[in-house]
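To start, the structure itself, in structure tokens.
The values are calculated or read from the model by the stated rules, or taken from the named source; none is laboratory data. Keep in mind it's a predicted model, so treat the numbers as computed, not measured. In this analysis, Cβ positions are derived from the backbone assuming ideal geometry, glycine residues included, and neighbour counts consider all displayed protein chains.
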Amino acid sequence: MTLYNIMTEALEKRDANMYTDLLHGNYEFVRHQTGTSMDREQMVEMMNMMMANEKVVVRDARCIYENDEILVEHSIMDFPDGTTEAVMSVHTLKDGLIIRSETGATLISK
């Protein structure tokens, strides 16, 4: 099973542990909007909150490209504050796990 397929299953089941088990111990999430980053522990905390909140919805997800070095995906995300974003995620892989994620998000008007 590909990493993308596991990520998709984790999102469908709202299983934060299944998702975060895919993150390398040296994981980094780069937040371009704020110029900050999060480590694995911070990402685990955020994923637990997101998966527990039914108002966070990932839809129309698709894998653009995946190999042993990189995974590129696109989805639409709905957030608790009523906003919707188109999100492009690029995940760098190491040892079969995600070691770095970067996203680009575009606000979608309703």
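Checking the structure you have, find out if any residue of region 95-107 is modelled with pLDDT of 95 or more, aliphatic (A, V, I, L, M) and outside any strand (DSSP E or B).
Among the residues of region 95-107, not one is modelled with pLDDT of 95 or more, aliphatic (A, V, I, L, M) and outside any strand (DSSP E or B), which makes the answer no.
What residue, among those in region 37-75 that are closer than 16 Å to residue 26 by Cα and of a type in the set (S, T, N, Q), is surrounded by the most Cβ atoms within 10 Å (Cβ to Cβ)?
Looking at residues that are closer than 16 Å to residue 26 by Cα and of a type in the set (S, T, N, Q), I get 37.
Just for region 93-110: of the residues that are of a type in the set (Ser, Thr, Tyr) and surrounded by fewer than 16 Cβ atoms within 10 Å (Cβ to Cβ), which one is farthest from the chain's Cα centre (by Cα)?
109
State which residue pairs qualify: first residue over 13 Å from residue 98 (Cα atoms) and inside region 16-31, second residue surrounded by fewer than 17 Cβ atoms within 10 Å (Cβ to Cβ) in any location, beta carbons under 6 Å apart, and separation of 6 or more residues or different chains.
Within 6 Å, the pairs are 16/48.
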